[in-house]
Amino acid sequence: MGNKKLNFNFFSFFRFLLLTKLSKYRKIINMENEDRIFELEAEYFKALSHPTRIKIIYLLKDGESCLCDLIPEMGKDESHIARHLAVLKRANIISVHRRGISAYYKLNDPTVIDIIEKAKDIISKQINELKDILK
């Protein structure tokens, strides 16, 4: 009996999230609020704003990976990695599907690697300019 209540609450919450997402995208499609586009862009970059999440993205660039494979690569505990995977999933940067008891993660759009690489290029350029100034 307790499971029915839990399932009902879960599906109600899922429905709420889905309707909220649809509402956000509907605003963008209709261009009702240009500021909302900037907010979504900021949310996307916030999801990229942690070294652990960037490392996860690099680990997923060659294809999907199981959480059990990410743990040894990351050198962090499972809860730490899972928390960062959840942030990336909420930002729609990655997706997850289950095979048996394992969860497999993959990049939704591999061009996120290009964004990170471009940022790396900008940072490298700034470091080199700073080195030139300090000479």
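Each reported figure results from applying straightforward, stated rules to the coordinates on display, with no laboratory input. All values derive from a computational prediction rather than experimental measurement. Here the Cβ positions follow ideal geometry from the backbone for every residue, glycine too, while neighbour counts run over all protein chains shown.
Evaluate E = 1/(1 + (r/R0)^6) for residue 36 and residue 82, where r is the Cβ-Cβ distance and R0 equals 30 Å; express this FRET efficiency to the nearest 0.05.
Working: r = 29 Å, r/R0 = 0.98.
Efficiency computed from Cβ-Cβ geometry: 0.55.
Put simply, the amide H of residue 108, placed in the peptide plane, has neighbours under 5 Å in 94, 95, leaving out anything fewer than 5 places away on its chain. Taking the fewest neighbouring Cβ atoms within 10 Å as the starting point, the ordered list for 78, 34 is 34, 78.
Taking the Cα centre of the range 41-134 as the origin and placing charges on Cβ (Lys, Arg +1; Asp, Glu -1), which of 102, 119, 60 is farthest toward the positive end of the dipole? Most positive-ward Cα: 102.
Modelled spin labels at residue 119 and residue 45, positioned 7 Å past Cα toward Cβ, are 0.9 nm from each other. Taking other C-beta atoms within 10 Å as the exposure proxy, 90, 99, 53 rank 99, 90, 53 from fewest upward. Listed from fewest to most Cβ neighbours within 10 Å, the set 79, 102 follows the order 79, 102.
Couplings 3J(HN,Hα) of the range 98-111, computed from phi: 9, 10, x, 9, 9, 9, 10, 10, 8, 6, 6, 9, x, 5 Hz, in residue order, whole Hz [Karplus 6.51 cos²θ - 1.76 cosθ + 1.60, θ = phi - 60°; x for Gly and Pro]. Each Lys and Arg Cβ is given +1 and each Asp and Glu Cβ -1; about its Cα centre, the range 72-135 then shows a dipole of about 200 debye. Each residue of the range 72-88 was assigned a 3J(HN,Hα) from its phi angle through the Karplus curve 6.51 cos²θ - 1.76 cosθ + 1.60 (θ = phi - 60°); the sequence is x, 5, 7, x, 10, 6, 4, 5, 5, 5, 4, 4, 6, 4, 5, 5, 5 Hz, with glycine and proline shown as x.
The label-point distance for residue 66 and residue 128, in a model that sets each label 7 Å from Cα toward Cβ, rounds to 4.3 nm.
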